[in-house]
1. Does Lys123 satisfy the criteria of being exposed (fewer than 15 other Cβ atoms within 10 Å of the Cβ), basic (Lys, Arg) and in a strand (DSSP E or B)?
2. Only one of (1) under 16 Å from Thr83 (Cα atoms); (2) out of contact with any Asp or Glu (no Cβ under 8 Å at 6 or more places or on another chain) is not met by Tyr175, so which one is it?
3. Taking the options Gln178, Gln154, name whichever one is of a type outside the set (Val, Ile, Thr), in contact with a Lys or Arg (Cβ under 9 Å, 6 or more places away or on another chain) and assigned to a strand (DSSP E or B).
4. For region 74-114, how many residues are in a strand (DSSP E or B), β-branched (Val, Ile, Thr) and surrounded by fewer than 16 Cβ atoms within 10 Å (Cβ to Cβ)?
Amino acid sequence: MIIKIFLLTLILAIGGFWLFSKIGTIVPGVPLAQNNTEKAIETCGEDCANKITEAVSRAIATLSAQPTVELPKTSSTKVNYVTISGAGSSIKLDWEDLSITDFYLNTREYGSVKDTRWYATIKLKDGNGRAWVRLFNVTRNEPVESSVMSTNSQTFTTLESDLLKLRSDGKANLYRVQLKTESGYEVTFDSGKVKIISY
């Protein structure tokens with residue numbers, strides 16, 4: 001858009017300069033409009049003036065036909081990671097706490113939160129059956145909604161959750177990792193982190 005305005009201004013300036021050079025200087029004692037009009041008719045003529053108008057119109061049409069280039073919008077979002085320290089394992093068929101992974105999180109400290117997810121790296125011994133991992137809100141004594149993930153991989157695999165629904169009540173809540181297995185084969189948690197995208 002800026003380029004279009006610059007080119008149009010340049011064309012009008014050149015046309016105006018050329019017309020002014022034909023008109024000459026203002027004659028003392030003669031009104032400005034009358035002086036310019038008479039000089040223009042005398043030196044340029046109606047046919048000349050029409051050609052200038054046509055040239056300017058063509059230039060405007062050419063500029064209007066050019067595609068508009070939109071500059072990419074800069075992102076104002078911030079990405080933060082909360083590392084979950086500690087590792088552990090379980091062979092239980094129901095959820096077992098890994099208190100070694102306890103951490104505090106207050107989403108209010110990150111501004112207006114747009115997206116929150118978590119990642120966990122786990123494996124299941126011999127890949128027998130299936131193993132699950134989730135986040136548990138100890139402060140509220142409730143599992144974190146949408147935090148459950150599972151795998152049957154016998155090698156460490158990093159899983160990504162859906163969008164989490166963390167409490168934002170203005171204070172830090174205590175969270176921990178929980179594990180369970182459907183077959184009794186050992187499931188091991190190696191590492192994890194919470195990703196917070198905010199404005």
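Every number here is computed from the coordinates shown, using simple stated rules; none is lab data. On a predicted model such as this, the values are computed, not experimentally measured, just so you know. Cβ placement follows ideal geometry from the backbone for every residue including glycine, while neighbour counts extend to all protein chains displayed.
1. No, not satisfied.
2. Here Tyr175 meets the rest and fails (2).
3. Working: Gln154 fails: assigned to a strand (DSSP E or B).
Going through Gln178, Gln154 in turn, just one is of a type outside the set (Val, Ile, Thr), in contact with a Lys or Arg (Cβ under 9 Å, 6 or more places away or on another chain) and assigned to a strand (DSSP E or B): Gln178.
4. We begin by selecting, within region 74-114, every residue in a strand (DSSP E or B); these are 78-84, 88-90, 96-105, 113-114.
From the residues that got through so far, the ones that are β-branched (Val, Ile, Thr) too are 79, 82-84, 100-101, 113.
Narrowing further to those that are surrounded by fewer than 16 Cβ atoms within 10 Å (Cβ to Cβ): 79, 83, 100.
The number of residues fulfilling the criteria is 3.
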